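Would you mind keeping the following structure in view while I ask a few things?
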Amino acid sequence: MEINLAGIRQEYTKGGLKESELPDNPLLLFNRWLQEAIDAKVNEPTAVVVGTVSPEGQPSTRTVLLKDLHNGKFIFYTNYESRKGRHLANNPHVSLSFIWHQLERQVHIEGIAAKVPAHESDEYFKNRPYKSRIGARISPQSQPIKSRMQLIRNFVKEAAQWIGKEVERPQQWGGYAVTPTRIEFWQGRPNRLHDRFLYTLQKDGTWKVTRLAP
């Protein structure tokens with residue numbers, strides 16, 4: 001069955017982005033947009049598409065959840081031995097994309113990823129739900145597994161070992177902090193004349209703002 005994708009169109013009318021209202025620091029605008037997404041109760045407001053590159057130059061994307069924005073760095077957690085973890089060990093350059101459809105907004109970020117200190121990963125890990133901590137310990141993320149049943153058996157077996165104990169963070173699991181060097185804000189506008197503003201980090205630590213064509 002053929003689907004008429006070319007006929008699917010939506011006019012963007014929910015707002016604009018004026019250059020005169022842009023802050024010098026893009027993180028201030030990001031914080032405002034994120035809070036507005038949360039207040040608007042958009043689905044998964046902290047969901048972010050993470051792009052990495054393999055040693056062979058093959059790009060790869062997946063969705064994770066932003067868990068902190070600290071000292072100007074975007075922080076998410078994952079298995080260091082996952083596909084993205086292996087990619088980042090070889091090439092720390094990364095992209096992040098936030099898409100808030102209900103607000104007709106997108107933010108695209110490029111930067112450098114580095115592991116957060118172990119004590120920060122420990123602190124976050126102990127505040128995760130119990131079952132999520134167990135899952136992190138038994139999941140060989142991105143690796144082939146025989147069946148879902150085997151995964152469940154491993155979960156039950158691991159959970160039994162931590163009854164009455166504090167579940168420890170596995171060494172292969174932790175956080176990445178992304179230091180941004182490029183941040184683009186996209187606001188949908190009528191007639192596809194969208195507002196796009198690009199912030200690029202300068203050598204002196206300031207940000208240059210450029211309007212891009214839609």
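The values are calculated or read from the model by the stated rules, or taken from the named source; none is laboratory data. Note that this is a predicted model, so its numbers are computed, not measured. FYI the Cβ positions are ideal-geometry reconstructions off the backbone, even for glycines, and counts take in every protein chain you see. Note: accessible area is taken over every heavy atom of the protein model, side chains too, but ligands, DNA and RNA are not part of it. Shrake-Rupley method; radii C 1.70, N 1.55, O 1.52, S 1.80 Å.
Looking at (1) exposed (fewer than 12 other Cβ atoms within 10 Å of the Cβ); (2) closer than 27 Å to LEU193 by Cβ, find the lone condition where ASN25 falls short.
(1)
Moving to a separate point now. Regarding the range 101-119, can at least one residue be identified that is free of Cβ contacts under 8 Å to residues at least 40 places away in the same chain and farther than 20 Å from THR63 by Cβ?
The answer is yes; a qualifying residue exists.
For the range 132-156, enumerate the residues that are without any contact (Cβ under 8 Å) to a residue 12 or more places away in the chain, surrounded by 10 or more Cβ atoms within 10 Å (Cβ to Cβ) and in a helix (DSSP H, G or I).
Answer for the range 132-156, where residues must be without any contact (Cβ under 8 Å) to a residue 12 or more places away in the chain, surrounded by 10 or more Cβ atoms within 10 Å (Cβ to Cβ) and in a helix (DSSP H, G or I): SER132, GLN150, ILE152, ARG153, VAL156.
Name the single residue, out of those in the range 33-55 being under 14 Å from HIS93 (Cα atoms) and free of Cβ contacts under 8 Å to residues at least 40 places away in the same chain, that is most open to solvent (accessible area, probe 1.4 Å).
Applying the filter and picking the extreme gives PRO55.
Considering only residues that are outside any strand (DSSP E or B) and within 22 Å of TYR124 (Cα to Cα), which ones fall in the range 50-66?
Hit for the range 50-66 is LEU66, nothing else.
Still on this structure, I have one more. From (1) closer than 25 Å to ARG169 by Cβ; (2) without any contact (Cβ under 8 Å) to a residue 40 or more places away in the chain; (3) open to solvent by 30 Å² or more (accessible area, probe 1.4 Å); (4) assigned to a helix (DSSP H, G or I), pick out the condition that doesn't hold for ASP122.
ASP122 satisfies all of (1) closer than 25 Å to ARG169 by Cβ; (2) without any contact (Cβ under 8 Å) to a residue 40 or more places away in the chain; (3) open to solvent by 30 Å² or more (accessible area, probe 1.4 Å); (4) assigned to a helix (DSSP H, G or I) except (2).
Tell me yes or no: at least one residue of the range 7-21 is assigned to a loop (DSSP other than H, G, I, E, B), within 15 Å of VAL178 (Cα to Cα), touching a residue at least 12 places away in the same chain (Cβ under 8 Å) and open to solvent by less than 90 Å² (accessible area, probe 1.4 Å).
no
Is it the case that ALA177 is open to solvent by 50 Å² or more (accessible area, probe 1.4 Å), under 17 Å from the mean Cα position of the chain (by Cα) and either of a type outside the set (S, T, N, Q) or at positive phi (or both)?
no
Inside the range 67-105, can you point out the residues that are over 18 Å from VAL53 (Cβ atoms), open to solvent by 40 Å² or more (accessible area, probe 1.4 Å), out of contact with any Lys or Arg (no Cβ under 9 Å at 6 or more places or on another chain) and outside any helix (DSSP H, G or I)?
Residues satisfying the conditions are LYS67, ASP68, LEU69, HIS70, ASN71, LYS73.
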